[in-house]
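Right, one structure below, let's go through it.
The values are calculated or read from the model by the stated rules, or taken from the named source; none is laboratory data. In this text the structure is predicted, and so the values were computed from the model without any measurement. As a convention, Cβ positions derive from the backbone with ideal geometry for all residues, glycine included, and neighbour counts pool all protein chains shown. Areas reflect the complete protein model, heavy atoms only, side chains present, ligands, DNA and RNA absent. Shrake-Rupley method; radii C 1.70, N 1.55, O 1.52, S 1.80 Å.
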Amino acid sequence: MLTFLSPKGGILLNETDWITDFKEKRLAYGVSQNKVAVAAGITRQYLNRIESGGATPSEEIKEKLLEALERYNPESPLTMLFDYVRIRFPTTDVQYVVETILKLKLEFMIYEDFGFYSYSEHYYMGDIFVLVSNEQEKGVLLELKGKGCRQYENFLLAQHRSWYDFLMDALVEGGVIKRLDLAINDIVGILDIPELTKKCRNEECISVFRSFKSYRSGELVQSREENKSSMGNTLYIGSLKSEVYFCIYEKDYEQYVKYDIPVEETPIKNRFEIRLKNERAYYAVRDLLTYHDAERTAFSIINRYVRFADRDETKRRSDWQTNERWAWFIGENRGRLKLTTKPEPYNFQRTLNWLSRQVAPTLQVAEKLDKQNNTTIIKDMVKNAKLTDRLEKVLKQLSVTVEEMTVYDKED
């Protein structure tokens, strides 16, 4: 039986052991065959044959599979994602932006005759928004918030493109970077936000910024909460009006507030967001495209603006030792941090959640009344309901594959 050097520490594994090790790790990570296969550039059927012993992968395929699988490693202490992208294009041709730069088919996007940020109209697919104006100066504005970034990554996978490819295409087409947020997810609790807040107050935050602001997230959404000490904490470093500032918050509590997910069950404990606007966003994109090293870009920005230290009255403030927990966060004694993707397909889940919380209880009462009165009001109401153009388009979006909504280059 053939043996080979495993990428894990050079351990010699035979073919069967490698397959067993890979499959066990994939299942432990909770990742489907399809996700790993797409990320590695092979078919799910081929991966299924590999795991069942029906096919022998080359060393190159093994490396790609392991690299793809590690993108979903839940034990990575830190992960980094694009969390907000806003780009303005100097054209009023929305179809060109959607089909040439986003590489999506405009026919699948929903049109609304109103806009935001003084734009007159917009198109959207899930949380991917394209705002339109007849004024050349405003042009076409693309906006991807957190969910939009995750949904667009699903299309990037289908297009065999990366964020780097997309950003390069955007700049080549004259796109003006208006905002870029990089989010660093703290999986294991490296950051201690109350401690960082205390250090800011004690002047142990050595920073170019002159201001910081902190609050408990829960006070904004659950003012009647009795146990205020358990509420989530948020720390802003820098002015929200400046072109660069940081937002550090307890992501697990945010998920509890938004989706009622128990704090102990959320995979992300804290989040450090680098929020960049205009010129600062442009320079960050240029750095990303130059080095293809998201960690370099992100932490060069962080280290330029802020450092948390431990007070030492025997030394000058600038010579205080960097706080141990902060040193770990910025790179001491941890592995390399790469830009990761967590593609999520657009689905109807948000609407279903709303129906479950807001409509279902009332519907249940109405159905009981129907049964009690021997009527069919609810059944008739659903049967005779007419779908709006918007809902027809949503139905169309949900009934086709990602590939069918994607525009491919001729050589593809």
Fill in the blank from the handout: Restricting to lysines and to Cα separations under 19 Å from Lys396, and discarding same-chain partners fewer than 8 apart, the set is Lys103, Lys105, Lys386
Handout entry: Formal net charge of residues neighbouring Leu387 (Cβ-Cβ distance under 15 Å; K, R +1; D, E -1)
Key = +3
Fill in the blank from the handout: Burial-style ranking of 42-49, 242-249, 80-87, average other-beta-carbon count within 10 Å with highest first, yields 80-87, 242-249, 42-49
Handout entry: FRET E, pair Val188, Lys396, Förster distance 25 Å, beta-carbon r, rounded to 0.05
Key = 0.05
Practice task
Just need the relative contact order of the chain here, percent rounded to a whole number, with Cα pairs under 8 Å and 6+ apart.
Solution key: 17 percent
Handout entry: Å² of accessible area per residue within the chain, as computed with a 1.4 Å probe and no ligands counted
Key = 56 Å²
Handout entry: Packing rank of 123-132, 292-301, where each peptide gets the mean count of other beta carbons within 10 Å, highest leading
Key = 123-132, 292-301
Exercise for the section: Using only the Cα atoms, work out Rg/Rh for region 81-156, with Rh taken as the Kirkwood radius, to two decimals. Expected result: 0.93
Exercise for the section: Taking the Cα centre of region 279-395 as origin, work out the dipole magnitude from +1 charges on Lys and Arg Cβ and -1 charges on Asp and Glu Cβ, in debye rounded to 20. Expected result: 140 debye
Problem - Those lysines that a straight Cα-Cα span of less than 21 Å connects to Lys338, excepting residues fewer than 8 apart in one chain - result: Lys8, Lys25, Lys35, Lys62, Lys64, Lys145, Lys147, Lys251, Lys269
Exercise for the section: Mind pulling up the Rg/Rh value for the chain? Radius of gyration and Kirkwood radius, both on Cα. Expected result: 1.01
Exercise for the section: Kindly provide the helix-only [θ] at 222 nm of the chain, computed as the sum of -39,500 (n - 2.57) over DSSP H runs of four or more divided by all residues, to the nearest 500 deg cm²/dmol? Expected result: -11500 deg cm²/dmol
Completion exercise
Summing +1 per Lys or Arg and -1 per Asp or Glu among the other residues with Cβ less than 14 Å from Leu180's Cβ gives +2
Exercise for the section: With only Lys, Arg, Asp and Glu charged, each at its Cβ (+1 for the first two, -1 for the last two), find how big the charge dipole of region 18-98 is about the Cα centre; round to the nearest 20 debye. Expected result: 260 debye
Completion exercise
Rounded to one decimal in nm, the spacing of the 7 Å Cα→Cβ label points at Lys198 and His160 is 5.4 nm
Practice task
Report the residue, chosen from Asp310, Asp93, Asp370, that carries the largest GNM mean-square fluctuation when the chain is represented by alpha-carbon nodes joined by springs under 10 Å.
Solution key: Asp370
Problem - Of Ser58, Asn270, Leu157, farthest towards positive along the dipole that unit charges on Lys, Arg, Asp, Glu beta carbons give the chain - result: Asn270
Fill in the blank from the handout: A 1.4 Å probe over the protein heavy atoms gives the chain a carbon and sulfur accessible-area percentage of 49 percent
Fill in the blank from the handout: Output row, site Glu243, 7 Å Cα→C-beta label point, backbone N cut-off 17 Å, window region 156-186, residues 175-182
Problem - Gaussian network model of the chain, Cα within-10 Å springs - most flexible of Thr266, Thr388, Thr100 - result: Thr388
